[in-house]
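Okay, so here's the structure we're looking at.
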Amino acid sequence: MVDLSVKRELNRGSGDALSTAFELSVTPLVMGLIGYGLDGWLGTRPFLMIALFVFTFGYEIWKLFKRYELRMAEQQAKVKGLRPAPGTDGPAKSTGPTGSEGQP
């Protein structure tokens, strides 16, 4: 029988991927349509449509990368033997058996 936590994690991953794909495709489209409507009202066609689409698409990509960085930091924090690299917030370096990066 399959462990419920594994099944739950698999379903969560599928749901996260679907919601990310939806956000990445639909949100810029909606903002582009809003820009199209504003362009028709203000007579600036196609400036606002392009500007809102590009801005929203760029924001969605930025948000995707930030979410990825946070998840990777969470996963690295779960791994024993990793500690934060100097000058960063997230874990990156492995400590040696003495706990001082291989120095005796």
message: Spelling out what I want: for every residue of the stretch 35-50, take phi, set θ = phi - 60°, compute 6.51 cos²θ - 1.76 cosθ + 1.60 (Karplus), and round to whole Hz; glycine and proline get x.
response: x, 4, x, 5, 4, x, 6, 8, x, 10, 3, x, 4, 5, 4, 5
- line: Given 31-38, 71-78, the highest-first ranking by average Cβ count within 10 Å works out to 31-38, 71-78
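How high is the relative contact order of the stretch 4-94? Use alpha-carbon pairs under 8 Å, at least six apart in sequence, and give a whole percent. Working shown, then result.
Working: 69 pairs, mean separation 16.1, N = 91.
The value is 18 percent.
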message: Between Arg45 and Ala17, what is the label-point separation in nm under the 7 Å Cα-to-beta-carbon projection?
response: 4.1 nm
- prompt: For the stretch 1-60, what log10 I(q)/I(0) values come out of the Debye formula at q = 0.20 1/Å, with one point per alpha carbon and no solvent?
  reply: -0.71
- line: Counted neighbours (other Cβ, 10 Å), sorted fewest up, put Asp16, Asp3 in the order Asp3, Asp16
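Readers should treat all values here as calculations from the given coordinates under stated rules, not as data from a laboratory. What you see is a predicted model, and the numbers here were worked out from it, not measured in a lab. Virtual Cβ from ideal backbone geometry, glycine too; neighbours counted across all protein chains shown.
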